[in-house]
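The values are calculated or read from the model by the stated rules, or taken from the named source; none is laboratory data. Note that this is a predicted model, so its numbers are computed, not measured. Glycine also receives a Cβ, built like all others from the backbone with ideal geometry; neighbour counts cover every protein chain displayed. When the accessible area is computed, the model is the full protein with side chains, heavy atoms only, and any ligands, DNA or RNA have been set aside. Shrake-Rupley method; radii C 1.70, N 1.55, O 1.52, S 1.80 Å.
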Amino acid sequence: RGDEKALEMYRMDRDPRQAADRRQVQEMQRWWLKRMIESPRPLEEKLTLFWHGHFATGYRAVEDSWHMLVQNEFLRANASGSFDDLVKGIIRDPAMLKYLNNDQNRKEQPNENLARELMELFTLGEGHVYTEDDIKQGARSLTGYTFEDDGFVFRPQVHDDGTKRIFGQTGKFDGVDFCNLILTQRACSEYICWKLYRFFVNDLPGAPDENARQFLLKLSKLMRDKNYDLKPVLMTLFMSEHFYDDENVASVIKSPVQLIVEAIRSLHTPARNLGALVSAADLMAQNVFFPPNVKGWDGGRAWINTSTMFVRQNLVIYLLTGRRPDAYEWQADGKEFNAMPLIEHLPPSAGGGAGLDETVSYLLRFTLGTPPHPDRITTLVNFVNDRGGKIDNTILIEMLCLIAAMPEYQLC
């Protein structure tokens, strides 16, 4: 203290380390996007992205790329496992402990951040079941939960081992006890099922209609009956008639990351430049490892505005052609994309002439995931006929660019 020379040496050593760590998290963004594109387990990656937005933790506050990577691996390992394990693991996660200041939570001066968000955003939903006093008592339960270097540590000397009262129950609760008390609340399963529903089924704003509400009640009961095991819940969700109801097909707006990954995986385009894709996702308001706040991304209609729609459309054009909107044609990345395998399995006559309607209808169903409106078919048929009436690779790529500009392409 007071040794300016020593402080200056520390700063000179610290600054390049911090710069290197920031470069590391940028590399992690490219790594995860590549993993999502190439993974043979796409649902696992999609669930990892879901939990990343649910237990939202931002690098800017954590400032430790390794802790962010460890959290990412933890979410992946438990993505379809037990929500019980996820909750009890996240209160021991160094990145989360740092992000919500629980490393400063001591019995002499409790910090309520983690206890509040644990109930409000991670388990019960805002304003459900808990009271302000429950938050204060929960914060006492979490005192002493911190980390040292890269691992969780419990410091009993700063833990409040006194009696607490949470949800009307009394005891000398610690963090695990606090989680167990939360998981006994019916509101917990209902809230988690509702968030899964909005992510996978239908993200329309407002409260669910009666049909959806009854389905969610059954799903949340199953979650409680299975002790928060996620696999039975997810299987029931994906195999239900409700999931395939007309009102729920193409009723979720693709997140920027999903738009990128789905386009590459379904159309088999080159991934082009991963750094450019990460930057595009950021422009579309989804920067992985950098959620906007502890609430994560709002999703739904928040993804769509005049600025993001411009990027969303140009992103698909870039994947299809290698051309960026801010570059000249000769500056394309040179990776040629052959789109013809998308339709080469169709009857030979389908490439033009009498079979043109069938080819266009198939392409629209394939890319949009729903039966196409007749006007969309007519528009594309007229486009092909104006270009000579025969589909070759150039025409097919141009058709895909037109489809990507349709509002329906933003839905899944």
Exercise. Surrounded by 24 or more Cβ atoms within 10 Å (Cβ to Cβ), over 30 Å from R213 (Cα atoms), touching a residue at least 24 places away in the same chain (Cβ under 8 Å) and not charged (D, E, K, R), is that true of L114?
Worked result: no
Among helices (runs of 4 or more DSSP H) completely within the range 1-113, the ones holding 2 or more residues that are within 29 Å of P156 (Cβ to Cβ) and touching a helix residue (DSSP H, G or I) at 6+ places or on another chain (Cβ under 8 Å) are 59-62, 65-77, 83-90, 94-99
So, T184, is that one within 30 Å of L43 (Cα to Cα), among the hydroxyl-bearing types (S, T, Y), open to solvent by 50 Å² or more (accessible area, probe 1.4 Å) and free of Cβ contacts under 8 Å to residues at least 40 places away in the same chain or not?
yes
Taking the range 1-45 and the residues there that are under 30 Å from A79 (Cβ atoms) and among the aromatic types (F, W, Y), the one that is surrounded by the most Cβ atoms within 10 Å (Cβ to Cβ) would be W32
Residues in the range 225-248 that are open to solvent by 70 Å² or more (accessible area, probe 1.4 Å) and either in a loop (DSSP other than H, G, I, E, B) or farther than 14 Å from Y197 by Cα (or both) total 7
Only one of T321, T306 is polar (S, T, N, Q) and touching a residue at least 40 places away in the same chain (Cβ under 8 Å), namely T321
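Counting only residues that are among the hydrophobic types (A, V, I, L, M, F, W, C) and open to solvent by 10 Å² or more (accessible area, probe 1.4 Å), how many does the range 63-76 have?
The qualifying residues number 4.
In the range 117-129, which residues are free of Cβ contacts under 8 Å to residues at least 40 places away in the same chain and in contact with a helix residue (DSSP H, G or I) (Cβ under 6 Å, 6 or more places away or on another chain)?
E126
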Of the residues in the range 187-218 that are under 22 Å from V87 (Cα atoms) and of a type in the set (G, A, S), the one that is most open to solvent (accessible area, probe 1.4 Å) is A187
Is it the case, given these coordinates, that I403 is in contact (Cβ under 8 Å) with a residue 40 or more places away in the chain, part of a helix (DSSP H, G or I) and open to solvent by less than 10 Å² (accessible area, probe 1.4 Å)? yes
| query | If we scan the range 318-336, do we find a residue that is at positive phi and either modelled with pLDDT under 95 or not aliphatic (A, V, I, L, M) (or both)? | reply | yes
Of those in the range 359-400 that are part of a loop (DSSP other than H, G, I, E, B) and among the β-branched types (V, I, T), the residue nearest to V311 (Cα to Cα) is T370
Checked pairs for the range 208-228, first aromatic (F, W, Y), second open to solvent by less than 40 Å² (accessible area, probe 1.4 Å) and part of a loop (DSSP other than H, G, I, E, B), C-beta under 9 Å and 6 or more apart or across chains, list as F215/V201; F215/S240
When (1) over 20 Å from Q258 (Cα atoms); (2) among the aliphatic types (A, V, I, L, M); (3) within 30 Å of the chain's Cα centre (by Cα) are applied to A405, the one that fails is (1)
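So, E132, is that one surrounded by fewer than 20 Cβ atoms within 10 Å (Cβ to Cβ), closer than 18 Å to P291 by Cβ, of a type in the set (D, E, K, R) and at pLDDT 95 or above or not? Write out each step before concluding.
Numbers: surrounded by fewer than 20 Cβ atoms within 10 Å (Cβ to Cβ): yes; closer than 18 Å to P291 by Cβ: no; of a type in the set (D, E, K, R): yes; at pLDDT 95 or above: yes.
Judged against the criteria, E132 is not a match.
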